[in-house]
Every structure is written in structure tokens, then in C-alpha cells.
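Below you'll find the structure, written out as C-alpha cells, and then a few comments.
The values are calculated or read from the model by the stated rules, or taken from the named source; none is laboratory data. Given the structure is predicted, the values throughout are model-derived calculations rather than measurements. When we count neighbours, we look across all protein chains shown, and the Cβ atoms used for this are built from the backbone with ideal geometry, even at glycine.
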Amino acid sequence: MSILVDGNTRVIVQGITGRQGTFHATQMLEYGTNVVGGVTPGRGGTTVIDKVPVFDSVQEAVDETGANASIIYVPASGAADTMLEAADAGIPLIICITEGVPPRDMIGVTRYLRERGATLIGPNCPGVISPGHQCKIGIMPGEIHRPGSVGVVSRSGTLTYEAVHQLTQAGIGQSTCVGIGGDPIVGTSFVDILGLFAADPETEAVVLIGEIGGTKEQEAAEFIRAGGYTKPLIAVIAGQSAPPGKRMGHAGAIITGTAALASEKTKALAEVGAVIAPTAGEIGATASRVLAGLSG
Amino acid sequence: MSILVDGNTRVIVQGITGRQGTFHATQMLEYGTNVVGGVTPGRGGTTVIDKVPVFDSVQEAVDETGANASIIYVPASGAADTMLEAADAGIPLIICITEGVPPRDMIGVTRYLRERGATLIGPNCPGVISPGHQCKIGIMPGEIHRPGSVGVVSRSGTLTYEAVHQLTQAGIGQSTCVGIGGDPIVGTSFVDILGLFAADPETEAVVLIGEIGGTKEQEAAEFIRAGGYTKPLIAVIAGQSAPPGKRMGHAGAIITGTAALASEKTKALAEVGAVIAPTAGEIGATASRVLAGLSG
Amino acid sequence: MKLHEYQAKELLASYGVQVPEGGVASTPAEANRVAQRLGGTCVVKAQVHAGGRGKAGGIRLVSTAQEAEQAAAALLGTRLVTAQTDPDGVPVGRVLVEQTMEVEQELYLGILIDGSAGSPVVIASRAGGMEIEEIATESPELILRVAIDPVVGFQPFQSRYLSRAMGLNADAAKALTPQLTALYRLFMDRDCSMVEINPLVVTKEQRIVALDAKVTIDDSALFRQPAMAELRDLSQENRLEATALEKGIAYVKLDGDVGCLVNGAGLAMATMDIVRAAGFDPANFLDVGGGADPERVAETVRLVLEDPSVKRILVNVFGGIARCDDIARGIVLAMPKERREMPIIVRFLGTNKEEGKRVLQDSGLTIHPIADLNEGVEVLRRLATP
Amino acid sequence: MKLHEYQAKELLASYGVQVPEGGVASTPAEANRVAQRLGGTCVVKAQVHAGGRGKAGGIRLVSTAQEAEQAAAALLGTRLVTAQTDPDGVPVGRVLVEQTMEVEQELYLGILIDGSAGSPVVIASRAGGMEIEEIATESPELILRVAIDPVVGFQPFQSRYLSRAMGLNADAAKALTPQLTALYRLFMDRDCSMVEINPLVVTKEQRIVALDAKVTIDDSALFRQPAMAELRDLSQENRLEATALEKGIAYVKLDGDVGCLVNGAGLAMATMDIVRAAGFDPANFLDVGGGADPERVAETVRLVLEDPSVKRILVNVFGGIARCDDIARGIVLAMPKERREMPIIVRFLGTNKEEGKRVLQDSGLTIHPIADLNEGVEVLRRLATP
């Protein structure tokens, strides 16, 4: 089993004729993802990567291919428009890889998508992969994943790969891995994804990868405290050594004062029973220990 | 029985210290409405009409009085703010009497209220009255109403009074009378109210009073056609003699072309079984005939 | 409140919408100067608040500045009668002198508020140049509607959809997006009830240009649009209607002789319907409004009395937020001594109706109280047959 | 991107927010002229991108134009060191000379984006003058938060709530609403990530005035805020960080000697955490970003090399949207011949990792390939103990 994607997921790639779009569409196809089309305005009627049809609009792509998921690789200035177009065309799962989307745009996008019942993953995220369904909608290196029963959810991109790599090295497969994105406003939160993993019978445990800034990890802890998620949780928070007051890439520490610190997040999650990996180098080992405890 | 209001309705009056606010709050109290407070910023701590406490904010009024309905009498320039304040404070039923609220404001207000689960009646409406519960939240002359089982819903103000007057003269009492308001954007539609009347066991029939402009009457007809409302309906459409292209007060005929004509609306409603009163002078007589048919 | 074409185009240009080069002129000499600047060949357009200018001779194509001056002289100071005006037309106080352009495609574009959706909507069609009502009747399939979400505003993907559906080529499609985005921003910023560009043209160079422009500002928002309110040109409106508008009264001049004084637009229309169904003709639509006090009612009554066709007055007031006694006092205030004989048929119901009746009975005016509208029709008949 | 106080105040004023009268000066003589215009008594404020100016002597109260000139002379051209700057401080290129005012109440006001709510939020407190972190620690109950709905924007009822909760009197409360409304409009129009007015004061005359102003424009939106982008003052930023910023690279200078070249902010932070847990100190935080091509990677590497403290480099790249071969080629492009001996510890995983490894192995640089981060720590130790 899995969350968000499964064997019926039919994916279109918005921005498929761009450098990144073509490259990653190819990688997704090679992984086994059912990429049914692409969208680049003005390029409708052509094909790319030998056989993938390109459409001028998402609506046309949906009408022709029955797509039910979209992945977005367009420049930041056009990303909001692209997400809105996907939702307007009725796509229920929209994954936006683009980084640098202005937060003001995301204020409107998240509301628009919510009102239309669309789930947005990202922006500024690596995407979603379910190894058991050979469905990869994102930019993660597919070969590091193995089918299994541990869910992964993360605000980070490459740190997620690190975690997955360690899990696989330790013989632990993944049900679904979700990068929710590192921007201040993203479509889907830890809480949303934990809720989905809680309801997925074949996910036995979850690895949560947080980082400094914001309060999303504390919200996850609150959700667990309220009983929304009761399976084992392994957590790691990046940025323990980051000097306060400096903005480390996408991590913003302004709003919430001390709550944004790694130590506060670690504490909040440990209090509700999460097992904390001391550094990102020990995610695999920590997960092995937790899972051994389960089967033991 | 009734819709929207009942014996548990506790009303606050926003703008209670203004000329209209004080006058109509007095009238409501005299009718028997449970007016529990009023709101005028800067006048908190005082009382009006002998005993009604005035608060600085809706939140304070709700906290102190347990109000669950609000009626708004403030100038148009402040009406949007006032409706939003009521919804923000958790008031589930907001009735806005004010006319001349700019449509651009209503775009935001209707969304804000919908997201918070608040029902808005109006703006530019006479309000809601349920004679059986002695609950009048509005500006309609209370004495013309009688308890009974006919619902009234109308885009017009004074034409509603005319209709109610005729019903009462004909010995027909009302369950609830709702003026949804004549502005282009209002909180509640004919469809919404017909849905409520459909579910109200003690409403046996409904009088619907439409007018030229827009397509709200056609939407009501669609709703009936789809089975959303199946009780007898008596309808009258004002503006049959209005010359096209001229704006008659609040009626706007631009968007929808011929659909805005009285004849089109009459036709749409007649097609789904509504009994049409030929002029507003014959509403009472038409209703009598329909109800006689029911009991006969 | 309607803007003139030249005002609308100045507003459009300030938002970055492309309009033809040109200038407004209120004298033939000014028109000459603008035409010279434009190189002679140009179009001279009468500035009036009415459609159908072309067929009525209000739009003239000229090829020299001299001709432009003559065309302006022929238009300025006259009254233009079009299919949409009263028989006496509307005065031409200004002409707009504009460059002509080579047009490849004519589109229709409108933005308005869709009441049912509670949001703005863009209406577009490839059948530009025709009136929208005409398109709606003849080829409704050519009318495109795009609802705008107020949080995110008009979006490029919506523009691309319209371009595809209207058959624009890639260059024109690219040019359309910023123009529509700017028009939407203008619509919202300025509290418009309508922006209509017909035609919006694609030029030979694949530019998108607003060849005509109608902008209507929502009257209810004029309090916060002072710059727009200043653009009002009362000369373009029926004198009585303009006076009414200035006083905030909803009044429409009609052809009959029964002056109607009603509160509420719905009841006013219903009253007109009944009057007409009985074979009489209302002199006006009039809604005295909700919170009318005696002085305002008096102004309203004076408005009705100013119309020389009015032979009798029908008052139909169902007091709610309006009170019958206020209305009665207003009538007494307004009616000049020399017209005390004019019959006033009065029906009061609702708030303070008894006091209202008493005020009128004590006033010395010629009052015919009635209990319902059918009785009103009877009184009208009795008065009409001496 | 931070604005200077004087830039922020000019922006505020253009939106109708009240700020003290004053003017900016880049010479003592200019400061004198501004002070004369203000009548002598005024405050001279060093314009630097750092808090804590007051305690560091960067804000001087003077009572004559002569004194203002002297204060300006003492500040201009120096580097101001505050609790928030590097030890070598930031250069003072301009001073803001402003009228003083009689303050009755000092408030805190901030607007930012609440990521969890997905909307802007207004933070306010009656404890103005203190840093918000200080208020949060000492009297969290004095911090008020008001979420703003993006469709309707900031509303008067929210201002009334804040006024009541902060204990403002009726006049001040009335004055607050238009000021907050304007600040919110500015925040949205200009793609701000933060607007902070501390203190926002109530004057003796019950005016509301922004006595200080910090405005930060979201870097990701600078492409559509050209007027704001022009206000950037790179002199205020760490030179390497400023260069990085200009190139769109997320780089933060730190104190150690291990240059870190990592893709992804999360992995970069995690890598720093591991380096430090092993007893070493990273020289920088650096995210090479997602879609880096070789030329951009090369620029990034040059940035790391420009820091003289860097003794060795740790490359940790998990290819995703970034490809290991692009990163490898960028490293080869950037490394000057004379520094080929600098040890580069490299871990490549993911997209095109094999090709990346091959590129480096063939380059002639001093490459230490590692399989995981623990092995990287071992190599660091080995290199550190000769």
C-alpha cells in the first residue's frame, strides 16, 4: 500500500519541454512511473522522449489522457499560474518542484487548491515516490528506494535522499516517501501526511525529517498527542549547529522565536514518543533499532 | 417550526446606537425578539432602550450574552467590516440590512463568511421573521405577519411586505419570511432558502418573489427540477413592464441578457410547476387557491 | 456611473493597457492640432454616453488635419441621436481624435461581477465589433466566460485559454496576457461594475489594442473613488435622472402621466406592473429608498413634480426602515401651494402608517386614501373619466 | 533583502503611513541643513542593516544644527559595531536626521507571513521599544496576533481589537486603523517578508507615527519588485554573503575551516551538524541549489575558495534535480591550478553519481572519495593529524 499515489496514478509533467522537465520526465519513465503526457503552452501536438504527447493546456491533457496527478517544473515566476491551472483542470494531486516561488503567490495558491479539493505537495520539494508501485513523481534518485513499510516525510530534499539511502542500506524498505517542501507556505504539512500514514495499513512506522524554522514539527507533535498518529515515529531535526538569527537557505526563524530552534522541535517530538536520531548520519541505525523493537 | 431562527435565537444589533439601529431594535423588542445586546465601538458599557447592553465589539457581546444572531444597521462604507467582525466572533447567522454596500466588498465578505460557516442574509434586505416564534430580525412591519405554514422568500423588501400583508388578509399565516436582498452579490440565494423550507416539516408551501435582473430565479427553477424542493410554490416576478436597458434600482440586467427578463423567469418557474401570480396584487388570491387545492 | 471613451482610455493607459494614440478636443482647432500630431489620417469620435455612434454619424474617418477640424466642427455643440438615446439625443461636448490602425482581428472583451458566483467574470468572444447581446442571440457558442478567483486574480492560464478559444496566434496570445491582467486590476482597483472593450483588436503587428472602451464605476463605491466621481458628465444624462442620481435617488423617467412614489425597487416595479396592467402609464420608476427623512422625501417629490407630464401621483409606501410619517411630511413639504389640487392617491401600510395618514389628511392637499392597489386602480379610473 | 530605515520610511510615507519629518544625509553639511530645516533639535541615526544601534552609539540626540553636523561627522565613514554585527561592524554611509517627538505610548507592530496558516499575520504589543524576542520571553501575554484573510485584507475591526487590547484611547484608536491598513497594503504590494515598526508611537497629539521601520523584501519576489531591488545596499552585507546573494546562492559565512559544498539546505545543515558533532568547524553554510549547471557550480566553489580560512572542502551531493556530473565539472572549472593540492572530500550519490566521480578522478585534483558521512569524518581526522 501507499499514500497519495498508487498503481492508478497517471501523471502529466507541466514544463516537460524544459531542460529539467525533460530530464526528470525521462527518469520517471525509466523508474516505471505512468507518465501519460506533458504540458507546454505553444508546444501542443508534439511529442517528447519518443512518445509522450505534449499539450497546450492541462485541461487538454486531462481530457486526452485521464491524468490524475501533475508534476511541475517551471520557473518560479510562472509556478503559481501553473499550479492554479492544474487545479482548475481538476487534477487532484499536484506536486510542485519549483523553488523560489514568492510566498505571496502561495497565499492564494494554497487557498485556491484547497477550495477545489486538490492536494498540493511543495513547492520547493523533491516530490513523492512509492517504490512498491514503481511510481515516482519527483526528482529523487529512484534507485536508492526499496519497497517496504516505512513512510518518510520531510521538509528537506536531499536530506530525504540521505535518510532513504540509509534505510535501504539497513534493509528497510519504504511505503511512500513525501517531501513536503521547505518553503514558508507549502500545500501539505507534516500533520496531513502523518494522518495519511496513520490510515495506511501497510505503513508500520514513519521517519520524519524536520529542520529549524517555523513550528511545523511542533504541530506534528500536537497531532500525535491528540491521537492522530499512533505508530512508531523516528525523527531527526537538521540545523542543531546553525547559529541563531542567520537564515539557512529556506529555513526562516523569525516568526516563532525560540520555537524555531532545533532543540525545541526535538523536545516536542520526543515528548510524544518519537525516537530521535542524534544526527542525520544515524537515521538508518535508529530506524533499525525501532523496527527491531517492533518485531521483537 | 421555522427556518433560520427559532425560540433560541439571541440577537445582537450592530450599530444599535444609530438612528435606524435604535428605532428598529425597539421595534424588534416590542415584537418579542430576544435582543440581548448591541454593538457600537466606543460605546461599550452603556445601555440603550432602557436595558439593552452596548458592547465595543461583537466578540465581547458574544462572550457576555451568548448571542447567536446579529443584525447590522451601519452605513455602507463600514458594512463589510461589520459583517466580517460578526463572523470572526463566531456568529452563525448574520443579517445585513444596509443598502449600497459596494459589490467588491461583498466578493470578499461572502467568501469569508462561507469559510467560517456563517449564514449571511442580505445585504440590502428586510431581514428574517418567524411569527410563530415572535422572532423578528429585520425592518419589516411585524404586525402584518401571522403564524402559519407558508414560507416567503424574496429579493425585494417592501414587495415582501405587500405579499405578507395579502397572505395575512387572506387568512394565511407564515412559517418564516426571508428577504434575501436585492444586491448583485448576497449571502444567501433562493436555492439556499428553498432547501431550508424543503426540510422544514411545518412549511407547507412557499411564496417566492423575484424580479428582473440576474438569473437567481432560473437557478431556483433548476433546483426544483433537480428535486431539491418539491412542495407547492407560488411565484411572482416584478418588473414585467420595465423598459429593457434601464437599471431599475438594484436590478441589474447586464450579464445575462434576455435571461434577466421577467418573462424568462416566469417561464422557468412555471415549467417546474410553480403557480405564477399574474401581478403582485394577486399574491394572496393565488396562494389561497393553491392552498385550497392542497386541503381539498 | 459611466465614463466617456476618452476618460476610459486615459484610465486604461494608466494601467498599462494599450490604446490608440490620440487626444481629446473640445474645439475644432484642438482637433486640428491633435490630427496634425497624428499625421493627418485619423478618426474623430463624438464623446457621448451612448452606443450606436457609428451608424448615427458620430464617428468620422478623415485623412487630413483640415478634415479632422471640419468633422469636429460638425459634431461639437450638436446633439447626437442614436438608437440608444432619447429622441432629442445627447450633447457632444468633446471629440476624441485618434490614429487609425491596421486591424487583423476584432475581439470582444468584458469584465463584470457575476452575482451568483460572487466573483468577477471575464466575457470574451472572437466576434468582436458586434454588441454582446447580438452575439448572445446569433452565436452564443462564441461567448467565452472565465470566472476569476478574487484571491489569485486573473491568471495567465486563463488568458491562454481565451487566446486558444478565440484562435489567436502565439504572438497575439503572448501580448494578450498582460493586457487582460491590467484590465482586471483596473476593474478591481476602481470598483467597476463593468469594463467593456469592443473591439479589442489584434493589429497587423500582433499588438493588442483597446479600440473602444466603456467603463462603468459602481455608484455605491463612488464614496471611495473620488477621482472617478469627478469624471461624471451630467450633461449626458436625462436631466431629471441626473438630478435624482446626484441626490442618491433611484429614478427613471418613463413615458406616462402617473407619477409614482414608492419605497423599494421591487414594490416600485410591481406597482408599475399593476398600473400598466390596468391600462395606465407610469411617468417614472422611483424608489424613495430605505432611510428617507422628510427633507429627502420632499426633494424626491419635487423631482416627480418637475416632470411636466405628471398629472396625478400614486403613493405606495409599505413602511419598514422607511416610515410613513416621514414620507407624508416630505410630500407636504414639497407640494407647492398652486398645485394643491393635483390628486394624490395614497396607500400607507406598515411603520407609522396611522401618523402618516393623519399628516396628509391635515395638510390640505388633495388626498385619495386607498387600502390596496386594486382600489388605487379604481381611483385612477374615476379620476381619468371626468 | 533588507531596506535601510530611511528607505523603509520613504516607502511607508508613500503609502500614507506617518513617519517623523526628516531627511537622509551622506555628508555632515547635509546633516546640518536637514537639522536647520527641523529647527535644530533632532536625532541623528546611523543607517545600517543591524539592530542595537542605540546602545552602540549609532543614534544621537542633538539640539542644534551644529551638533547634528558633528554627530554626522562622527558617524559617517566609520563602521558601527553592534551586538548584532560581526566584530568589524558595518559601514555607516548615511545618517537619517529626524525631528524628535513627544511620545505618549510606544507600541510594537510587525507584519509577516505565518507559514502554517498560509496567510499574513499582524503581531502587535503595547510593550513597544523592546525587541519582540524579549517581549516573547518576558511577557508573552502582551503579544497580540491577528491573522489576516487575504481576500478581505486587514479590517478595521481587527484594528479596533488591537487598540482595545493595547489600551489605546479613542483618538489614538481612530488614528491607528488607516495606518495599519496602509502598512498591510505595503506589505502585500511590495512582496515583503517582514515589516516591523518598533516603536510605533502614539504622540501627545494622539497621532500614530512610525519612529523606526524595518522592511524586508522577499528575495524570491525581487524579480517583480525592480524598484525595491534597486534599494539593495551590498556594503551592509558580508562581502562573500553579498556576492553569493547576487548570484542567487544561499551562503552563510561561519567561523570554521571546513568549506562545505552541499546541495539542499536540509542536507547542508545536517552535514554541518555532523561536522561539528565530530569536533570540526564548518567554514560556511552553503546550498548549491537545485538546478545548478557547471558554470554556476564553479562560481559557488570560487566563493568558498575566496574565504581564506578554508583549509579543506567537504562536498556532499545527493543528486536529484542537481546532477553529480554538473557539480563535478563545476568544481574542476573553479579550482585554480595553484590550489590543486587542497584536499576535497567528495561524496556523490544519486543522479549521475558515477559520471561525477569519473570527472573528478580524471581532473588531477586532490580528491578523497567517501561513501558516507562517517567516513568523511574519518578522512577529516586523518587530514587534520599529519
Filtering the range C:293-349 for residues that are touching an Asp or Glu at 6+ places or on another chain (Cβ under 8 Å), more than 18 Å from C:A244 (Cα to Cα) and among the small types (G, A, S) leaves a count of 1
Could you tell me whether the range D:196-214 includes any residue that is in the same structural domain as D:M130 (by TED's automatic domain parsing), closer than 19 Å to A:P103 by Cβ and β-branched (V, I, T)? no
C:E306 passes all but one of the listed conditions (1) away from chain B (no Cβ under 12 Å); (2) without any contact (Cβ under 8 Å) to a residue 60 or more places away in the chain; (3) more than 18 Å from B:E162 (Cβ to Cβ); the exception is number (2)
Only one of A:F197, A:F223 is modelled with pLDDT of 95 or more, surrounded by fewer than 20 Cβ atoms within 10 Å (Cβ to Cβ) and of a type in the set (A, V, I, L, M, F, W, C), namely A:F223
Taking the conditions exactly as written (part of a helix (DSSP H, G or I) and either within 23 Å of D:R94 (Cα to Cα) or in the same structural domain as D:G319 (by TED's automatic domain parsing) (or both)), does D:R232 satisfy them or not?
no
B:E64 meets each of (1) surrounded by fewer than 20 Cβ atoms within 10 Å (Cβ to Cβ); (2) under 19 Å from the mean Cα position of the chain (by Cα); (3) at pLDDT 95 or above with one exception, condition (2)
The condition of being over 21 Å from A:D105 (Cβ atoms) and outside the structural domain of C:V48 (by TED's automatic domain parsing) holds, among C:R160, C:R190, only for C:R190
Reported set for the range B:199-237 where residues are within 13 Å of chain C (Cβ to nearest Cβ), over 17 Å from the mean Cα position of the chain (by Cα) and either assigned to a strand (DSSP E or B) or of a type in the set (F, W, Y) (or both) is B:F223
When the range B:100-128 is checked residue by residue, the ones that are within 24 Å of B:V35 (Cβ to Cβ) and within 11 Å of chain C (Cβ to nearest Cβ) are B:V101, B:V109, B:L113, B:L120, B:P123, B:N124, B:C125, B:P126, B:G127
Against the definition (away from chain A (no Cβ under 13 Å), in contact (Cβ under 8 Å) with a residue 12 or more places away in the chain, among the acidic types (D, E) and surrounded by fewer than 17 Cβ atoms within 10 Å (Cβ to Cβ)), how does C:D171 come out, yes or no? no
| If you check C:V297 against the conditions, is it crowded, with 24+ Cβ neighbours inside 10 Å and within 25 Å of C:A384 (Cα to Cα)? | no
Exactly one of C:P178, C:P150 is crowded, with 17+ Cβ neighbours inside 10 Å and touching a residue at least 24 places away in the same chain (Cβ under 8 Å), and that residue is C:P150
* Flag for C:V92 being more than 27 Å from C:T203 (Cβ to Cβ) and either of a type in the set (D, E, K, R) or crowded, with 17+ Cβ neighbours inside 10 Å (or both) -> yes
Of the candidates A:T176, A:T188, the one satisfying the condition of being away from chain D (no Cβ under 12 Å) and within 11 Å of the chain's Cα centre (by Cα) is A:T176
Checklist entry - Mind checking whether some residue in the range A:36-43 is of a type in the set (A, V, I, L, M, F, W, C), within 14 Å of chain C (Cβ to nearest Cβ), within 17 Å of the chain's Cα centre (by Cα) and not in a helix (DSSP H, G or I)? => result no
Looking across the range C:148-182 at residues that are of a type in the set (A, V, I, L, M) and in contact with a Leu (Cβ under 7 Å, 6 or more places away or on another chain), the single one that is farthest from A:Y112 (Cα to Cα) is C:L168
Is it the case that D:A182 is away from chain B (no Cβ under 14 Å), hydrophobic (A, V, I, L, M, F, W, C) and in contact with a Phe, Trp or Tyr (Cβ under 9 Å, 6 or more places away or on another chain)?
-> yes
Would it be correct to say that C:E196 is touching a Phe, Trp or Tyr at 6+ places or on another chain (Cβ under 9 Å), surrounded by 18 or more Cβ atoms within 10 Å (Cβ to Cβ) and within 24 Å of C:I313 (Cα to Cα)?
no
Scanning the range C:135-162 residue by residue, the ones that are over 16 Å from C:A117 (Cβ atoms), facing chain A (nearest Cβ under 7 Å) and charged (D, E, K, R) total 1
So, first residue free of Cβ contacts under 8 Å to residues at least 12 places away in the same chain in the range C:357-386, second residue not in a helix (DSSP H, G or I), Cβ within less than 7 Å, six or more apart or across chains; the pairs are C:Q361/C:I367
Picking from D:I249, D:I217, the residue that is under 17 Å from D:L3 (Cβ atoms) and either among the β-branched types (V, I, T) or touching a His at 6+ places or on another chain (Cβ under 6 Å) (or both) would be D:I217
Taking the range D:228-280 and keeping only residues that are closer than 16 Å to D:L373 by Cβ and of a type in the set (K, R), one is left with D:R276
For D:D114, the lone unmet condition from (1) in contact with a strand residue (DSSP E or B) (Cβ under 6 Å, 6 or more places away or on another chain); (2) surrounded by fewer than 16 Cβ atoms within 10 Å (Cβ to Cβ) is (2)
Inspect all residues belonging to the range B:152-168 and state whether any of them is in a loop (DSSP other than H, G, I, E, B) and surrounded by fewer than 24 Cβ atoms within 10 Å (Cβ to Cβ). no
> Out of curiosity, is A:I137 buried (at least 21 other Cβ atoms within 10 Å of the Cβ), more than 7 Å from every other protein chain (Cβ to nearest Cβ) and farther than 30 Å from C:S119 by Cβ?
Replying inline: yes
Does C:R329 satisfy being surrounded by fewer than 24 Cβ atoms within 10 Å (Cβ to Cβ) and either touching a residue at least 24 places away in the same chain (Cβ under 8 Å) or over 23 Å from B:S241 (Cα atoms) (or both)? yes
Those residues of the range C:27-41 that are in contact (Cβ under 8 Å) with a residue 60 or more places away in the chain, assigned to a loop (DSSP other than H, G, I, E, B) and surrounded by 15 or more Cβ atoms within 10 Å (Cβ to Cβ) come to a total of 0
The one condition A:M83 fails out of (1) more than 7 Å from every other protein chain (Cβ to nearest Cβ); (2) farther than 17 Å from D:G118 by Cα is (2)
Here the residues within the range C:211-267 that are within 22 Å of C:Y184 (Cβ to Cβ), more than 12 Å from every other protein chain (Cβ to nearest Cβ) and charged (D, E, K, R) are C:D212
